[in-house]
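The values are calculated or read from the model by the stated rules, or taken from the named source; none is laboratory data. A quick note: this is a predicted structure, and the numbers were derived from the prediction, not measured. Positions of Cβ are generated from backbone atoms using ideal geometry, with glycine treated the same way; all protein chains shown enter the neighbour counts. Areas reflect the complete protein model, heavy atoms only, side chains present, ligands, DNA and RNA absent. Shrake-Rupley method; radii C 1.70, N 1.55, O 1.52, S 1.80 Å.
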Amino acid sequence: MLIGVPKEIKNHEYRIGLTPAAVKEFVTHGHRVMVETNGGLAIGFTDEMYEAAGASIAATPEAIFAEAEMIVKVKEPQPDECKMLRKGQTLYTYLHLAPDPTQTELLVESGATCIAYETVTDDRGGLPLLAPMSEVAGRMSVQAGAHYLEIAHGGSGTLLGGVPGVAPGKVLVIGGGVVGTNAAKMALGLGADVTILDRSLPRLRQLDDIFNGRIKTVFSTVDAIEHYSSKADLVVGAVLIPGAAAPKLLNREQIRAMKPGSVLVDVAIDQGGCFETSKATTHQDPVYTVDEVVHYCVANMPGGVARTSTMALNNATLPFGLALANKGPAQAMLDDPHLMAGLNVHEGKVTYKAVVDALGEQLDLTYVPAADALRG
Ligand SMILES: NC(=O)c1ccc[n+]([C@@H]2O[C@H](COP(=O)([O-])OP(=O)(O)OC[C@H]3O[C@@H](n4cnc5c(N)ncnc54)[C@H](O)[C@@H]3O)[C@@H](O)[C@H]2O)c1
């Protein structure tokens, strides 16, 4: 199969669909790969590295979209990219269609086979192509929080690890899933005093086992959130209710009652945020202050560490990508229900129910189960 990797064109997106190492895997399996010139340059992957891995370098995105049978990307295709897609071509990338009628309409019109990383599943009920980005964001949240606790960055001047003779800073993590666990690991590594809240008792039991009693696990109630946030130096918002907007767990009054110079990192901002005063920010301007509490609400945190994120994403996407190339997309999906769960649009039919639930009326869409669409 001929695989095409265009340079990402979304503002300040430096990740790329395939690393040179991933290209080498495809080439070793007998496939050809075209990479757009300078596609990975910003994160240290030069054209020479891609050529050494066996790729050819294309001068323009048009050349890639015109020739490749499968396009591998990171972010959802922008309108100009959607218009270059065609029937018989496969798109393998993050899509996030439910809140995006324009993209959905363009992908339906294209006739292409569009597989969304974020809806591929695994047999433990997880989302294996979303998890690496949650790991990255969770780990970054504490790094960002520690930075903004410094007095020159608007914080209270607290060192999370403390020093001998001075108590460590207090970190509260709300939500103990992938983001929360990774945040807790980093905070613990810095020597902070860490508390995780979650509403799932089985999850709290797992966390207690993982951390062997070195963090406090507390059942998440309104009272617990109010109590622990008023004492915290750093609060990480890491909750998720699948398919729903994030619940607002701290209101303005509770935020006003926090310590001056404390920091809120709302990782759940991509789902609307879990603090009343949260509004999405960017890596160019990541923080603002409300009632003397610093807010960090970057909606695409992994983009800030694009090199690590690209490698982490490739580790997760590569096995499915190879299956798509080796067997052909339709057979690969019919053989693997978890990969088939990633199919959102196929030859003009929407095959992911949540997208039809969100946009069906507006765009006059009918849901077609993925297996039916693939079998034609
Ligand atoms: N900003 C970014 O760049 C970025 C990057 C990755 C993930 N995210 C977001 O981070 C959030 C967390 O993702 P995840 O992968 O860790 O999800 P996850 O499903 O692994 O974990 C979410 C956890 O929240 C818990 N929870 C739900 N309601 C709660 C409540 N009221 N109180 C306490 N805990 C509650 C759940 O029990 C679960 O353990 C999501 O909104 C995700 O979209 C953001």
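Just a few scattered comments:
- Single residue of the stretch 331-356 satisfying the filter (in contact with a strand residue (DSSP E or B) (Cβ under 8 Å, 6 or more places away or on another chain) and part of a helix (DSSP H, G or I)) that is nearest to G125 (Cα to Cα): L339
- Test: residue in the stretch 266-280 that is open to solvent by 60 Å² or more (accessible area, probe 1.4 Å) and over 30 Å from L97 (Cα atoms): no
- Any hit, the stretch 317-339, residues being assigned by TED's automatic domain parsing to the domain that holds H153, open to solvent by 20 Å² or more (accessible area, probe 1.4 Å) and acidic (D, E): no
- Selection from the stretch 20-35 of residues that are open to solvent by 10 Å² or more (accessible area, probe 1.4 Å) and either closer than 14 Å to V74 by Cα or among the basic types (K, R) (or both): K24, R32
- Scan of the stretch 341-355 for residues that are among the hydrophobic types (A, V, I, L, M, F, W, C) and surrounded by 21 or more Cβ atoms within 10 Å (Cβ to Cβ), ordered by number: L343, V345, V350, V355
- The listed residue being within 14 Å of the ligand (Cβ to nearest atom), open to solvent by 10 Å² or more (accessible area, probe 1.4 Å) and of a type in the set (S, T, N, Q), out of T158, T217: T217
- Residue count for the stretch 220-237, restricted to those that are near the ligand (Cβ under 10 Å from one of its atoms) and among the charged types (D, E, K, R): 0
- Residue satisfying all of: in the stretch 287-325; within 11 Å of the ligand (Cβ to nearest atom) and more than 13 Å from the chain's Cα centre (by Cα); nearest to G17 (Cα to Cα) among these: C297
- Residue count for the stretch 236-262, restricted to those that are under 16 Å from M301 (Cα atoms), open to solvent by less than 20 Å² (accessible area, probe 1.4 Å) and of a type outside the set (G, A, S): 1.
- Filtered residues of the stretch 119-146 (kept if touching a residue at least 12 places away in the same chain (Cβ under 8 Å), more than 9 Å from the ligand (Cβ to nearest atom), open to solvent by 30 Å² or more (accessible area, probe 1.4 Å) and within 21 Å of L339 (Cβ to Cβ)): T121, D122, D123, P128
- Of the set (1) within 11 Å of the ligand (Cβ to nearest atom); (2) closer than 19 Å to M133 by Cα, all apply to L197 but (2).
- Selection within the stretch 161-177 - buried (at least 21 other Cβ atoms within 10 Å of the Cβ) and within 16 Å of the ligand (Cβ to nearest atom): V171, L172, V173, I174, G175, G176
- Filter result for the condition that a residue is assigned by TED's automatic domain parsing to the domain that holds Q143 and not charged (D, E, K, R), over H295, H346: H295
- Only a single criterion out of (1) under 24 Å from T289 (Cβ atoms); (2) within 13 Å of the ligand (Cβ to nearest atom); (3) assigned to a loop (DSSP other than H, G, I, E, B) is not satisfied by L240, namely (1).
- All of (1) in contact with a strand residue (DSSP E or B) (Cβ under 7 Å, 6 or more places away or on another chain); (2) more than 26 Å from M133 (Cβ to Cβ); (3) of a type in the set (A, V, I, L, M, F, W, C) hold for A52 with one exception: (1).
- Residues that are crowded, with 23+ Cβ neighbours inside 10 Å and not in a loop (DSSP other than H, G, I, E, B), drawn from the stretch 71-92: I71, V72, E81, T90, L91, Y92
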